[in-house]
Structure formats: C-alpha cells, structure tokens
Amino acid sequence: QLCADPKLRPSILTDKAMEPAIKYINKKFPNIDFRGNIQHLTSIQRQKSEVLTATSSYYDSFMDVIEFREVVADQLTLQQFLSQSVNFDFTKNYLDLIVTYTSVIITLSRIDDKKALVGMFNCAHEMTNGSSDPSYPRLGQMFVEYDHPWRKLTEEFGPHTRSVTTALLSLKMLYPRRNLPAEQWRSAQLLSLLSAPAAMLDPACCDTMACEYLSMEVMERWIIIGFLLCHSSLNSNQASQELWKMALRSGIYLILTRDEVLNIHKVSEDLFDSIKGYSKRVADIKECREHAIVNSGAMHRERRNFLRGALKELFKVLEDEPGLLGPKALFVFMALSFSRDEVLWLVRHSENMPKIKTPEDYIDKSHHPSFFENKNNDANCICYSQSNHLYSLQNMYVCPEEESVLMTSFVSTLSALSIKQVDNKEEFDFRALRLDWLRLQAYTSVNKAPLPLKDYPDLAKVMNMIQFHTRTVDSLEELLQETSDVSILCFYPRVFEKMFIQSSEEMTMKRYLMAFPSVCSHFGHCGHPLCPEEVSVHMEKKSLRLCVTFLEQIAKQTSSVVLEICAEQRNLHDQLLPKHCAETISAARHRKQKKPVQKKGEVQKEKPGAESLRKDRTVATNVDKMHLMLTELCSSYSLCSDFIVFNHIVVPAEFLLSHLETRLSEIIVIMANYNQTTQEIARPSDLLAGIRAYTTNLHSLSSYVNVDVTRLVKSVLLQQTQPLDSRGAQTVTTIYTNWFLESLLRQASNSLIVHCPTMQCFVSQTTDNEPTFRAEEFSDITELQALAELLGPYGLKFLSENLMWHITSQVSELKKMVIENMDILVQMKNNFDKPEEMSNLKKRLTGGENVLKRMTIIGVILSFRSMAQNCLNDILQKHCPYLMGPIECLRDLISPETDIKVNVFELASAAGLPCDIDPALVAAIGSMQTDNTSIDEEYKLSRLLLVYIAVSLPTLALDPNSYYSREHGGHNNNIHCLATAINQLAAAMFTIQNQSVEQQLKEFLMVSG
C-alpha cells in the first residue's frame, strides 16, 4: 500500500536520477550483473547508503513473507480431522491460515515495485559489503515463481485438497442456513424475542454457538479461495460444487485485505480457463456471475431493510429488560454480526459497483441505523455485563470425570466457580482454559490420535458452549469487536464520506448521524495481527480526520438549525419592542376618533402573535420543521457522551459548543449592523434585546442535548467585552468604541451635537443637512445602560483607554501651543493684576480660540465618559450590589491626593464609581512624560496652560453659539463642558506633579477674574 500511494511512495522510486537503474534492475531481475554494467547503476553507487536505508524495511518485509511461507508449509503437512461443529477453533484457525497466506501472496504479486526495491537493496548491499545478501537468491526465486500466483498456489495446495475440502464441507449445513433471503428470515422471525413470549426466558442455545455469529464474509472467503486452491474437488464432489456456486452467487467482490479486493468471478474464470477439463466450471462461473449481477444487490438490500427493523426491536426489548441479555446473548452477537456483514458487503460493492440497471440497490441512505443500533447493543452488553456474568457462570457445564481423562484442569477450573464471585465483582480470566481447549482440539484432531475428538461430539458441544460463555464473561469487548467491528471503513474513506452525505440529506436519518464518527473508534483495530506495527501515525491521522470531519458537519447542521430558530424567535421578540407600537397606537386613536376606514387594497399589518393562530395543525410551519430537524439532530448526541479514537478522547458535544460559539459571535457582530462607510449602527438597546432573545432560546437547547449552554453564553459574551474575540475578529466593543469616537464625539467636537446635562444625553442640532442619526437615540440613559450591559467593565475600560488617547493627543497639542507662547504667558501670569499690561500682552497672544476649542473637546469626551461610567455603576448595582458596597467603602477610605497610585481607585473607576481624581486620566497624562522633561518643567507648562485658558475665556462672548439654552441645560457650542475639562485635567496633572490641586485652581480663578 505504501508503494501504491503516491504520497507515501519511497522517494528513491520517484527520483529521476534513479530511473535508469530501476529500468535495468526490472529488466534483468533476478540475475543482475552488478559489476559488468556499472554505468546503469552509477546513481545507486553515489547514494548507496541512502538506498540501503530507504529499502531495508521493504526487504525485511519481503523476507518475512518467505518465513511465513515456510511456517505455513510446515503446518499444512499434518493430516487432521476438521469440522466446524466439533473442533470449531482449530478448523477456523486452519482456514484462516490458508486464506491469510493466499492474501499475502496475492497482495505481494500486486506490488509493482517489489523487484526494483529488492534489486536496489541487494545492489547497494553488494557495493557496500562486497557481496550480495545471502537471502537474495531465495527472494528472487520466490518473485519469479509467483509471477502467476494462482497457478503456483494451486500447485502448492494440491496435496492438501482432502483436508481443505473436509474443512470447507463442514460449512455445508451452516452456510446455506445463513445465506437465506430476507423473506425467509422474516417468516422465521429471526432475531425476534417477541415471537415466542412463553420462551422468552429460555436460553438461546445450539450445538454450534460460535458458528451462529461467524461472519458471512469470512465463510465466503474460505469457500471461494479454498476451492480455487483445491479445485479438483469441484469436479469430483457434488456437495463442494453446490457450496461453491452458492458463494459465487452471493456477490461479485471479496476483500483480500483492507481495500484490496478480489473479483471472484474474473479470477476463477481466468484460472479455470487455463486448466483442461474445466469448461463446465467456467460455464458455472458465468451463470453465477449473471445471477449475482441481477439478484445479489436486491437480495442484500432486502436483508438490510429486515435487519434495520429487527435490530431496533431487539435493542428496545433489551433496553427495557436488560436481564434478557443473559439468556439471549447469542441473539445480540448474531444481530451484530449479520448487520456488520451487510454493511461491509455494501461498502465493497458500492466502491466497485457493476454496470446494472438498478444502481439504487447499491446506494442505501438508511443503512446507518445499523451502526447506531450496533453501538447501542454494544453499550447495553457492557453496561449490563454483570447480569451476563451471572447467567453465563450458571450455564457452564462441568463434564463428568469419566469422560474427561484429559480435562482434569477444565473440571477443576469450572468447579471452583460460584455466583458469589459475581456478587463480589471479582475479575475473571478464562484465557488459559480456552487455550487448553484449543490445544486439546489440536491433539485430538490429528490422524491416529489416542482420543479422537470426532468420536466424542457431545464433549465438543459442551466445551464449545463453555468457550462461548467464558468469552461473554472475561472477553466481552473482544467478542463485540469480533462481531461488530467495521474498521475496514478506514480504508474506504470516499465511500464512508459519501454514505454520510447521503444520510445527512434524509430528515428521518439525522438522528443516526452520530454513528459515523463513533465508527471511527473501531479504526484502532484495523491493523492485521501479523503486523501490529502497521497501525501507524498515518492511520491515526486519517481516522481522526474522518471523525472530526463528521463531527464538524453534524455540529454545523445542528448549530445552523439552533441559530435559525433563535433568529425566528428574535424577529418575533423584535415585534414586541416599544419602537413598533406607534402604528398600533395610531390605529387605535383613529378608531376612537372615528376616522375614515383604510382604503381597499391596503394590507392590514398583523399583530404580534398572529403566527400562533392555526386553522389546520397538520400544516407545518417553517419553525415546526426546524424544531423537528433539531430534535432529530440532537437525538444523535444521545448515542454516547464520548468515545476513544486512537487514544484521543472525543466529546461530540464540545464540537457543537465550539460551532455555536463561533456562529453566535458572528451573529452578535452582524446584529450590531455596523457600516463603516455610512457610519450606521444598531442602537445598543436593540442589540441587547436581540442578544437576550438569542440566549433565552439557546437555553432551551439543554432540553434536547446535555450541553452547558450557560458556559457557552458566558464565553461568547465575555469575548465580546474584549477588542478581539478568540478568532481574532472584531467584537461589539471595538465596533461601538469606533462608532462613538468617529461619529458621535467627532460631531460633538464640531458642535453638530450638543451635550445636554438636563436630559443627560447628547442631542443633534438642527441643520440644513439631514443627520445620519439622532444622537439622543444613542446616548440617553437607556442606551448607555444597554451599552454598559453589552460591553461590561472590560469593554468600557477599552472605551475609556481610547477616549484617553484622544484626550492626550489634545493635551499634547495644547502643550505645544503653551511652549510657542511661553514668554507672553509667563508675563501674563506675573502681571495678571495689571489691566493695561494684560491688554497689551493679550494682543500679542495667539491661538486662544484654538485652546478653548481643544479644551471643549476634552470636556465633551470627559462628559461622555462620566455618563457611561454612571450607567455602568447602575448596571453593576443591579447585578452585584454586595460587591459594589465594599468597593465604595474602600474608595472613601483612601485619600486620592496622597494615594492616587493605589489600585483601589482603578478598581472603583472600573466599577463605574466616580472619583475626585480620575485614575484613568492620571495614568494617561502620566504616560505622556518623557525622560527629556523634568517634573518642574511639566509643572510650569501645566500652570501656564491654565493661564492660557483663563485669559482666553473672554473670547467666548464673541461666539453667537455661546448663549445658554435652558432646554438643553448648556450651550450650543458645548462650552459648558469646559468646567469639567479644566477641573479633571488640572486634578490629574497636578496630582502627578505632587502639587496642590486646590491652590492651582484658585490661581486659575484669580487670573480668569
């Protein structure tokens, strides 16, 4: 497989420099002249160490095949008695050995690069060590012999025809009974526990218990390959011929290993065409192929339909009465095995679908309930294993000692068992007993054995039954794996994914979708016992990729439905918001005043709740369909809370939460409806109402599936209080911060929007141009409280930091203006009590209006921040009053002038509590200081700035917008914010400089007066 996969193929086989050497080796193999034609092998000579390293593992694997071949040859030399009903384990291992050996040889013959790999290894070995590898001649001879593998294999197995035929003919009663059409299964009420209520507690028992859940695929592989190797019995034995034909009619392909399949009719026909006297068998093959093409698809489809219902019934009965798992354990393993056989038949045939008129027989959108019910039956068996142990121990028969001369250990082991051991939950281990029974089968099945097992069929029956019951006690998981393992799907990812897509399109099948990722837990068993190391990292990655893909798709579908329902409910909730009541009030007023009735053709608006009025309940609305789909999808999560794939614990619900988290974050940002070009945005109260509608409906999800919705909502909303979420995308914190800075406060700085202390909001001024938004609709107490609810303390801290950045940029410009006019300002400070001199100096002073403009901007920003902080305080007082009380006490306890750097004030500010000296502004102004300026210089600049502001105040009288508006409680040019700016800025600057704030403000009043 590594050689066939382009991604995993050895690099030396794709290296262009190696092409001449590879062609030469393939042409001359196995007799390669490594010395006479050195010009063809120069590339190997240059890289001999790399070639040895790259090809050694392949060479060793090919050598393992030789050793395996020799072991098989030794094992097959003995003549044995073989029967499925007597020495089942021995016969099964014998036939498995033959089939495994054949599969190895056929797979080896399909490796195109085997000669190149072996030849390159030997060439590099000779160039390095001066001689060929000692095993090379044997390996080369084996490759030559198996150029036509089937011909060589039939020669090898000719002497073993009698033993192989005897073993295969022991299936003549079992295989036909198992290979029945669905109609006969249905008429016999196969697997039904309810067909005979009186016998429900009777143990399901027979002479060949292990044969009843033996895989049909395994039996067909034995029969087809066995009679290909020992084909002479087909001409001499009618029973062999009938068994062989029945297997040929069952399907078209058999799995050799993994995704390597055998076209049974083509291989059989090609082999028998080359042998004289087999023309009748060739005709039989053609007839069987036509029968299989026409009928096998429909037959297996009907079987799958039957098994779906039978499995569901069996699961429901055992779920209701788990005590039946003891006496009816055999039914469970039969059901698992039957359904697994049908699934694997569909997989291998849908991948290699023949050209037929009814391709729908090979497409089944409803097969995954088999996976689902199998998983449920597995879980039931494990969950109620104690009752199974109790029943099995009671039914382990002890053989009489006179009939068990060689079974003393069996008798002693079984006699020591008691029900108390189950009650005490002791661990059982019967592996030694089963191994001894296998040894006894081997000793008593050879020719001329002292105690021929075939003469004691009752002994074999009892021991086979004991073996079954011991496996249900100590090897239950192994038994479940044997009967329900579908790890072969690991090698059919395309088919597996196609099956998932087909299933996810059917509404009624969505409840079974979780069966697909759970099947990936079987993939850890996909390696062959002969090569346990082959279960590599590559296989692990492939399994996890498939599992994650399925879980992501299921979670995506589920989250989409959940959020669509939330969106519908949000729309309904939106209809109840106060902003939509104006039309209803207007209509009621018109009716009261007996205004004219509306004209015909005008559609009357439906009132909220009209969607719940139905004339016919059978008519399903869109919301009904979505709730049905959600129920189906969430039902799939009930299969298992977690499962293991290659030592990775997979929790399906976490995938759903992850998808919901991502989608909900995106939806919240979309609901904000922010347009950076037009600066449009949703009101905070509308967004908050939408989020509340979503979260309310999300909590209903917990009634469908066991997920922590509270954790999900907290995680999403907490991320929205940060500048970026976990995916690095913008949040509502960033969006609203940008909007308030770029739209509302920018227009407020240009006096297009007025700060209104009376109504505690910002109000848009009346202008000739139509405003893009009304400021009062976004900045009143209700909206800012909604903003505080959305952004929380973290988000408002980010908003404050951005506001402070704008303030510091204004302060920086103010300082530059102070430096430009420093000489004049110093003189004005010293002569403020001399009117004439002050008048002359003021004429020389420049930029007074600019200073006041910048200070007004600072005041507007600080006023907005104060409003936001007050609203945050209101919200926190409502949510956590017991936390706010201690914070207030701490704030009042510490003096801000002496301990402003204490984190208590930062804590109080973050909680929305007002502080005499704003710690955020102190931190922002403090960060402006550089090493080049001393504290004294900063102190001087701060004092002169206050002088600058004070002497510039009279110019405000010349501005017509400076008139006081009683309605707004302020001025149209926002100069009422100057007081806030002067107080807050002076407090921050002089606190940093360790100066008295009160003294400096007194000086300011004196200069301004």
One finds, for Q45 and D96 with R0 = 41 angstrom and r their Cβ-Cβ distance, a FRET efficiency to the nearest 0.05 of 0.35
For E19 and D147, extending 7 Å from Cα along the Cα-Cβ vector and measuring point to point gives, in nm, a value of 2.5
Of the residues T734, P919, I670, the Cα lying farthest along the dipole of the chain towards its positive end, which is defined by charges on the beta carbon of Lys, Arg, Asp and Glu, belongs to I670
Quick note on C288, C977, ordering by fewest other C-beta atoms within 10 Å, gives C288, C977
In nm², the average projected area of the convex hull spanned by the Cα atoms of region 936-985 is 3.8
Extension length gain for E290 and D959 (0.36 nm per residue less Cα distance), in nm, is 230.6 nm
Placing each pseudo-label 7 Å from Cα in the direction of the beta carbon, S996 and N769 end up separated by a distance in nanometres of 5.0
Answer in debye to the nearest 20: the dipole magnitude of the chain about its Cα centre, from +1 Lys/Arg and -1 Asp/Glu charges placed on Cβ, is 2700
Over the chain, the sum of -39500 (n - 2.57) across DSSP H runs of at least four, divided by residue number and rounded to 500 deg cm²/dmol, gives at 222 nm -19500 deg cm²/dmol
Residue span Q593 to E319: 0.36 nm per residue of separation minus Cα-Cα distance leaves a gain in nm of 91.8 nm
Between the alpha carbon centres of region 617-693 and region 87-119 the gap in Å comes to 52
Mean separation of Cα contacts under 8 Å (at least 6 apart) over the residue count of region 792-1008, i.e. the relative contact order in percent, is 29
Distance in nm between E505 and L451 label points, each 7 Å along Cα→Cβ, equals 6.2
Correct response: the longest run of the chain lacking exposed chymotrypsin sites (Phe, Trp or Tyr not before Pro), defined by DSSP loop and at most 12 other Cβ within 10 Å, is 398-962
Extension length gain for E564 and L174 (0.36 nm per residue less Cα distance), in nm, is 135.0 nm
Taking placed amide H atoms and a strict 5 Å upper bound, the residues 5 or more places from T257 or on another chain that come that close are none
With the charge dipole of region 541-591 built from beta-carbon charges (+1 for Lys and Arg, -1 for Asp and Glu) about the Cα centre, the Cα from L551, A588, C566 projecting farthest to the positive end belongs to L551
A convex hull over the alpha carbons of region 792-1008 yields, per residue, a volume in Å³ of 130
Computed on Cα atoms only, the convex hull of the chain has an orientation-averaged projected area in nm² of 67.1
So for R0 = 35 Å, FRET eff. of L724-N647 from the Cβ-Cβ r, to 0.05, ends up at 0.55
Taking R0 as 35 Å and r as the Cβ-Cβ distance between L1005 and S866, the FRET efficiency 1/(1 + (r/R0)^6), rounded to the nearest 0.05, comes to 0.95
Going from the fewest other Cβ atoms within 10 Å to the most, one would list L572, L872, L546 as L572, L546, L872
The value for region 195-298 (convex hull of the alpha-carbon atoms, volume per residue, Å³) is 155
Check: C-alpha center region 764-822 vs C-alpha center region 702-731, spacing in Å is 28
The size of the Cβ-based charge dipole (Lys, Arg +1; Asp, Glu -1) of region 792-1008 about the Cα centre, to the nearest 20 debye, is 440
Note on region 566-694: alpha-carbon gyration tensor, axes a ≥ b ≥ c; rule is a/c under 1.5 for rounded, else prolate if a/b larger than b/c, else oblate; result oblate
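Laboratory data are not the source of any read-out in this text; all were calculated from the coordinates shown. Quick caveat: nothing in here was measured; it's all calculated off a predicted structure. Every residue, glycine among them, receives a Cβ derived from its backbone with ideal geometry; neighbour counts consider all protein chains shown.
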